[in-house]
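Below: one structure in structure tokens.
The values are calculated or read from the model by the stated rules, or taken from the named source; none is laboratory data. Keep in mind that what you see is a predicted model, and the values were worked out from it rather than measured. For neighbour counting, all protein chains shown are included, and Cβ atoms are generated from backbone atoms with ideal geometry for every residue, glycine included. Note: areas computed on protein heavy atoms with side chains; ligands, DNA, RNA excluded. Shrake-Rupley method; radii C 1.70, N 1.55, O 1.52, S 1.80 Å.
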Amino acid sequence: MTARPKVRPGKRNNDPEGLRKRVLDVAEASFQARGYHASSLGDLMAAAGVTGGALHHHFPTKKALALAVIEERVAAAVEATWIAPVQAAGSAREGVRNVFEAVAAELEQQGFVRGCPLNNLAHELSLADPDFRAALAGIFSAWRQAIADKVRADQQAGREQDTDPQRFAALAVATYSGAMSMAKTAQDSGVLRDCLNALEQGASPASSSKGEAVAKRRRRVLRQYKAF
């Protein structure tokens with residue numbers, strides 16, 4: 001029998017950033033598919049192919065890992081899906097419409113609806129820990145601010161004079177978030193287009209003026225009742 005030649009151990013592949021990215025990839029996917037609480041560190045280590053020591057070197061606790069997913073991955077997803085497209089659009093309304101339609105088309109091609117990454121974690125973690133709540137709230141705030149800023153830019157260009165930037169932004173974010181929750185439950189991306197139609201009708205300048213007129217009449221009636 002011929003003796004096998006001895007194989008010298010190769011140089012150790014030291015790629016801490018690659019390992020960190022792999023852990024974040026696995027954690028992000030697991031938190032979205034199963035939820036934070038149902039994703040154990042053991043399962044995450046096995047899926048990422050890392051040891052406990054390697055994992056804890058980058059993320060000392062499961063909470064630290066979740067905060068990194070929120071701050072680096074979820075925030076980036078909102079930036080890429082919503083903020084950048086709205087900023088690049090010709091108007092705030094065009095940007096909002098483009099996002100709704102693009103997401104609906106992507107979900108139709110995908111064949112299933114996993115939900116909004118921000119919504120999914122907000123529903124599970126907002127009451128679980130103040131740090132989670134603050135991180136998630138910061139993303140919602142940046143999202144709304146980007147839309148409101150675009151409305152203000154439209155107003156400087158002579159458009160949307162009857163539109164309240166903050167109210168329109170809040171309505172757009174709330175409509176999308178609710179639509180994604182319903183679409184996830186029904187596994188039907190068509191809900192996004194239904195909600196887009198309702199948003200465009202309800203947030204039109206004419207509707208805003210009508211709503212303000214109704215509000216004024218309501219305040220007038222209330223003042224009359226207080227006079228008695």
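Step by step: first the residues of the stretch 190-207, then only those that are touching a helix residue (DSSP H, G or I) at 6+ places or on another chain (Cβ under 8 Å) and small (G, A, S), then the one that is modelled with the lowest pLDDT. Which residue is that?
Across the stretch 190-207, the extreme among qualifying residues is S207.
Failed condition for D188, given (1) assigned to a helix (DSSP H, G or I); (2) surrounded by fewer than 16 Cβ atoms within 10 Å (Cβ to Cβ), with all others met?
Of everything listed in (1) assigned to a helix (DSSP H, G or I); (2) surrounded by fewer than 16 Cβ atoms within 10 Å (Cβ to Cβ), D188 misses just condition (1).
Residues are listed down the side, and each one gets a yes or a no for (1) outside the structural domain of N197 (by the TED database); (2) open to solvent by 50 Å² or more (accessible area, probe 1.4 Å); (3) free of Cβ contacts under 8 Å to residues at least 40 places away in the same chain:
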site: A84; (1), (2), (3): no, no, yes
site: V96; (1), (2), (3): no, no, no
site: Q110; (1), (2), (3): no, yes, yes
site: L127; (1), (2), (3): no, yes, yes
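F140 - would you say it is in the same structural domain as L118 (by the TED database), at pLDDT 95 or above and under 26 Å from E72 (Cβ atoms)?
So F140 passes the test.
Does Q187 satisfy the criteria of being on the phi > 0 side of the Ramachandran plot, assigned by the TED database to the domain that holds R114 and at pLDDT 95 or above?
It is true that Q187 is on the phi > 0 side of the Ramachandran plot, assigned by the TED database to the domain that holds R114 and at pLDDT 95 or above.
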